[in-house]
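Comments concern the structure below.
The values are calculated or read from the model by the stated rules, or taken from the named source; none is laboratory data. A quick note: this is a predicted structure, and the numbers were derived from the prediction, not measured. Neighbour counts are summed over all protein chains in view; Cβ atoms, including those assigned to glycine, are modelled from backbone coordinates with ideal geometry.
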Amino acid sequence: MPATPHVAILGAGPVGLDAALAYADAGWPFTVYESADAVGAHVRAWGHVRLFTPWELNVSHRMRAHLSDAPSDGACPTGGEFVTRLLQPIAELAELKSRIRYRTRVAAIARTGLLKHEQIGTKARAAAPFTLLLDTPDGEDSAKATLVLDCTGTYAHPNTLGDGGIPAPGERALGHRITRTIPDTTDPSRWQGTVLLVGAGKSAQTAARDLAALPETRLVWAIRSPAPDWGVVPDDTLPARQELVDASQALSDGTDDRVSVHTGVHVQCLIPDGDRIRVRLAGAAGASDVLADHVVSLTGYTGDHTLYRQLQVHECYATGAPMNLSAALLAASGTTADCLAQPAPGIDQLRNPEPDFYILGAKSYGRLNTFLLRTGYQQVDEIVAANADSDGAPAAEVGATH
């Protein structure tokens, strides 16, 4: 790596913006590439949803240092509040404003002059700059970088409905009629009729709670596990998270005749039926059809791995996360299911065989669903500290944690 590398930061979400602040503080040149026309595009997509973590867990020490009025109380913000009160002000800072390229998507990344299988583990590969293929408002372009941070997140790449994780028959043809984000129920008329909800994680629990509260909505909730535990954390210190568990348990007790919960089932197929969709649910007890006015699929999200298919990235065969990080997370999952108890990431867990290429944020967790923003900010700390500036400043002075 050159003495002062040019850093390419992919994505202007919370982790990408925190990384930009870190490199602005370190005095390194950097560019943030954001495919949307504003920061926090993924957060805006669930702007109506309230986080179950408070401000104090969602604001990095760098953000607090740069914003004198950064929120710091124990309230849990909505996604919209998170954007307007934190991400937008950060993006407007003089240190960042001119460094963010909006409506510019990184389509692919390679090592200049090298193919994926060439110069494995050599200094020659590490010395070659990265080439980024860009989709811009003016057409295709390219750029160079010597350090790349992939902070593109996962929310734009939802998982599918079918058994085993592949699309169910009929799903691809009906994809335009399936909602794959948490529903905004502020307009109840939008969700009149029968809603089939698939999934059991915190996004699905949020959707189930909100949809069940609508007077003209009948909710059919399909869950793959025969005995869901709703992600319960004993003596949970996050009240909003516990409220989701409590609401899910209450909906599954069968006392609300407008809600039916089917456990141990998967989506076998989807068939158009006029303005509705006939969905066949199959399980150990057989199959049954749901005639749905709306289908909401909240079965999780994974990042776009095609970005770096020409780089030497070692991914876990089970989670899709970088191998070293995945191994540490899977080992920790045997002792705790609480995202607050996640081990702090170390630089060795974040490194890939491809030198100077890092996957950060939710994308770095692959299919694991215990990521917290606090962890993403810790990842930034580790990377900046490991690549301390060239004038001899000790690592502790660059991106120090608190």
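Here residue 337 meets the list (1) hydrophobic (A, V, I, L, M, F, W, C); (2) modelled with pLDDT of 95 or more; (3) not in a helix (DSSP H, G or I) almost entirely, failing just condition (2).
Selection of the stretch 125-141 for residues being surrounded by fewer than 12 Cβ atoms within 10 Å (Cβ to Cβ) and either over 18 Å from residue 100 (Cβ atoms) or in contact with a Cys (Cβ under 7 Å, 6 or more places away or on another chain) (or both) yields 139, 140.
Every residue, every condition in (1) modelled with pLDDT under 95; (2) assigned to a loop (DSSP other than H, G, I, E, B); (3) β-branched (Val, Ile, Thr); (4) in contact with a helix residue (DSSP H, G or I) (Cβ under 9 Å, 6 or more places away or on another chain), yes or no:
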| site | (1), (2), (3), (4) |
| --- | --- |
| 154 | no, yes, yes, yes |
| 169 | no, yes, no, no |
| 173 | no, yes, no, no |
| 176 | no, no, no, no |
| 183 | no, yes, no, yes |
| 190 | no, no, no, no |
| 194 | no, no, yes, no |
| 197 | no, no, no, yes |
| 200 | no, yes, no, yes |
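Residue-wise test of (1) touching a residue at least 60 places away in the same chain (Cβ under 8 Å); (2) more than 19 Å from residue 341 (Cα to Cα); (3) in a loop (DSSP other than H, G, I, E, B).
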residue: 210; (1), (2), (3): no, yes, no
residue: 219; (1), (2), (3): no, yes, no
residue: 225; (1), (2), (3): no, yes, yes
residue: 237; (1), (2), (3): yes, no, yes
residue: 257; (1), (2), (3): no, yes, yes
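Take the conditions modelled with pLDDT of 95 or more, farther than 25 Å from residue 270 by Cβ and surrounded by 14 or more Cβ atoms within 10 Å (Cβ to Cβ) and apply them to residue 149. Does it pass? Yes: the conditions hold for residue 149. So which of 194, 152 ends up being among the hydroxyl-bearing types (Ser, Thr, Tyr) and more than 23 Å from residue 42 (Cα to Cα)? None of the other options fit; the residue is 194. Scanning the stretch 52-70 for residues that are in contact with a helix residue (DSSP H, G or I) (Cβ under 7 Å, 6 or more places away or on another chain) and farther than 21 Å from residue 25 by Cα yields 52, 57.
The residue pairs whose first member lies in the stretch 117-132 and is part of a strand (DSSP E or B), whose second member is surrounded by fewer than 17 Cβ atoms within 10 Å (Cβ to Cβ), and whose beta carbons are closer than 8 Å, counting only pairs six or more residues apart or on different chains, are 130/112; 130/144; 131/112; 131/142; 131/144; 132/108; 132/142; 132/144.
Regarding the stretch 340-351, can at least one residue be identified that is assigned by TED's automatic domain parsing to the domain that holds residue 133, surrounded by 19 or more Cβ atoms within 10 Å (Cβ to Cβ) and either touching a Lys or Arg at 6+ places or on another chain (Cβ under 6 Å) or of a type in the set (Lys, Arg) (or both)? Among the residues of the stretch 340-351, at least one is assigned by TED's automatic domain parsing to the domain that holds residue 133, surrounded by 19 or more Cβ atoms within 10 Å (Cβ to Cβ) and either touching a Lys or Arg at 6+ places or on another chain (Cβ under 6 Å) or of a type in the set (Lys, Arg) (or both), which makes the answer yes.
Restricting attention to the stretch 189-207, the residues that are surrounded by 14 or more Cβ atoms within 10 Å (Cβ to Cβ), more than 14 Å from residue 295 (Cβ to Cβ) and either more than 18 Å from the chain's Cα centre (by Cα) or in the same structural domain as residue 369 (by TED's automatic domain parsing) (or both) total 1.
Evaluation of residue 234 against the conditions (1) modelled with pLDDT of 95 or more; (2) within 30 Å of residue 74 (Cα to Cα) shows that the sole unmet condition is (1).
Yes or no, residue by residue, for (1) modelled with pLDDT of 95 or more; (2) of a type in the set (Asp, Glu); (3) within 19 Å of residue 308 (Cβ to Cβ); (4) in the same structural domain as residue 182 (by TED's automatic domain parsing):
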| site | (1), (2), (3), (4) |
| --- | --- |
| 72 | no, no, no, no |
| 80 | yes, no, no, no |
| 88 | yes, no, no, no |
| 92 | yes, yes, no, no |
| 105 | yes, no, yes, no |
| 112 | yes, no, yes, no |
| 131 | yes, no, yes, no |
| 135 | yes, yes, yes, no |
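What do you reckon, is residue 371 aromatic (Phe, Trp, Tyr), under 20 Å from residue 22 (Cβ atoms) and modelled with pLDDT of 95 or more?
Spelling it out, it is not the case that residue 371 is aromatic (Phe, Trp, Tyr), under 20 Å from residue 22 (Cβ atoms) and modelled with pLDDT of 95 or more.
If a residue has to be closer than 11 Å to residue 80 by Cβ and part of a helix (DSSP H, G or I) to count, how many in the stretch 38-64 make the cut? Total satisfying the criteria: 3. State which residue is surrounded by the most Cβ atoms within 10 Å (Cβ to Cβ) when the search covers only the stretch 101-124 and only residues that are among the charged types (D, E, K, R) and within 30 Å of residue 38 (Cα to Cα). Here the answer is 111. Annotation: residue 284 fulfils all but one of (1) out of contact with any Pro (no Cβ under 8 Å at 6 or more places or on another chain); (2) surrounded by fewer than 16 Cβ atoms within 10 Å (Cβ to Cβ); (3) in the same structural domain as residue 175 (by TED's automatic domain parsing); the unmet one is (1).
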